[in-house]
Amino acid sequence: MMLTCTLLLMVLGAVLVMAASPPVAERIGLAEHHFVFRQIFFMLPALLVMLVTSILTERTIRILCLLGGMVITGLMVATLAIGPEVKGATRWLMLGGLRLQPSEFIKPILVIISAWLLGLWREQEGFPGWAWASAVVGVIVAILILQPDVGMTAVVVLTFGFQMFLAGLPLLLIGVALALAPLAVIMAYSFLDHVRLRVDKFFTGGNLQTERSIQSFVEGGWYGVGPGDGRVKLHLPDAHADFIFSVAAEEYGLIACLFLIGLFGFIVIRGYAQSLIAKDMFSMLAVSGLATQFGVQAAIHMASSLNLIPTKGMTLPFISYGGSSLVASGLTLGLILALSRKQHPSEQENFAPEQMMPEASR
């Protein structure tokens, strides 16, 4: 069922990119269906990555994510030195004719590494897994802030915090982390100019993109104005990416938006349900963390389109245009499928069910 919903999201993403991207392509001097052809092209590696990842064993996933994490971290550092600056941020690398955003791939990889370390912390007495996991996440967050990418930072921190909570971090430490969260927001507002600008516009108004996005929901009503008849894409510079949810609202209406929300919600809830019957702590933390990350990213995109939070250049998984986002989303779902599927006895690792119980319960 999860695979079916994922494939449906991919198809809907191609349809919405087809609706939203032609005006954007024409404004920057590209062929009318430039982004459509590229989106369909990137669907192939995304499907391949998802299907290949879904048949991997836990041991293979851990090893590949550890190696991949080191490589992707190196690429993220490289963006700071040689990456082109786009809208005040250096998040991309140019590889031939393709633009790669390494931070998209570090998100699911980081969830696996954190789940591995936190699982060892719970299962092996004396191993400081939570400290190692916090250090790894801290390094990634520092690189993301230097790029800067506050939205991606929020996704990483919220997902890791959820994993720490599930792993049994003392409530006192969780309370301290929650108390420090406003301080992090204040520092971002004080030292990052683009964050200050977006927050000020959010509270004072005057953000033309947001106003047009909200108008698209008004114009679309329940059933939309019809495929291809929307006007918001003529005015939003990133209608095919950061505001594609607004295009869906105007052309296909509130019913279509609720259907999209339902698909994302089903994948997240299904992931949580599978994590409840996971055979070990690692699988439980990994699957629930990946599902949370997937849902948080979708929620940030939708909330910014509705002006519930300051605007943020966050893609809608499988829907927004973007090769890095599409392939990384395929990797995320592939990992969920791999860690939640029933394994052949030859793939299963030695594990005692009582290892998941808190020490006081054993």
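The values are calculated or read from the model by the stated rules, or taken from the named source; none is laboratory data. What you see is a predicted model, and the numbers here were worked out from it, not measured in a lab. So basically every Cβ, Gly included, is an ideal-geometry build from the backbone, and we count neighbours across all protein chains shown.
Quick notes on this one:
- Apart from one condition, residue 148 fits all of (1) under 30 Å from residue 81 (Cβ atoms); (2) assigned to a helix (DSSP H, G or I); (3) modelled with pLDDT of 80 or more; the exception is (2).
- Taking every residue in region 162-186 that is more than 28 Å from residue 198 (Cβ to Cβ) and pairing it with any residue that is among the β-branched types (Val, Ile, Thr) and surrounded by 10 or more Cβ atoms within 10 Å (Cβ to Cβ), at least 6 positions away or on another chain, the pairs with Cβ-Cβ distances below 7 Å are 165/174.
Residues are listed down the side, and each one gets a yes or a no for (1) under 19 Å from the mean Cα position of the chain (by Cα); (2) surrounded by fewer than 22 Cβ atoms within 10 Å (Cβ to Cβ):
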| position | (1), (2) |
| --- | --- |
| 6 | yes, no |
| 12 | yes, yes |
| 28 | no, yes |
| 81 | no, yes |
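- Scanning region 50-105 for residues that are assigned to a helix (DSSP H, G or I), farther than 14 Å from residue 328 by Cβ and touching a residue at least 40 places away in the same chain (Cβ under 8 Å) gives 51, 52, 54, 58, 59, 61, 62, 66, 73, 77, 79, 80.
For every residue, the table says whether it meets (1) over 20 Å from residue 298 (Cα atoms); (2) out of contact with any helix residue (DSSP H, G or I) (no Cβ under 7 Å at 6 or more places or on another chain); (3) among the aromatic types (Phe, Trp, Tyr).
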{"site": "76", "(1), (2), (3)": "yes, no, no"}
{"site": "99", "(1), (2), (3)": "yes, yes, no"}
{"site": "104", "(1), (2), (3)": "no, no, no"}
{"site": "115", "(1), (2), (3)": "yes, no, no"}
{"site": "118", "(1), (2), (3)": "yes, no, no"}
{"site": "130", "(1), (2), (3)": "yes, no, yes"}
{"site": "158", "(1), (2), (3)": "no, no, no"}
{"site": "165", "(1), (2), (3)": "yes, no, yes"}
{"site": "169", "(1), (2), (3)": "yes, no, no"}
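- Qualifying residue in region 109-117 (condition: in contact with a Leu (Cβ under 6 Å, 6 or more places away or on another chain), touching a residue at least 24 places away in the same chain (Cβ under 8 Å) and more than 17 Å from residue 79 (Cα to Cα)): yes
- Some residue of region 63-76 being surrounded by 13 or more Cβ atoms within 10 Å (Cβ to Cβ) and either farther than 30 Å from residue 280 by Cα or over 20 Å from the mean Cα position of the chain (by Cα) (or both): yes
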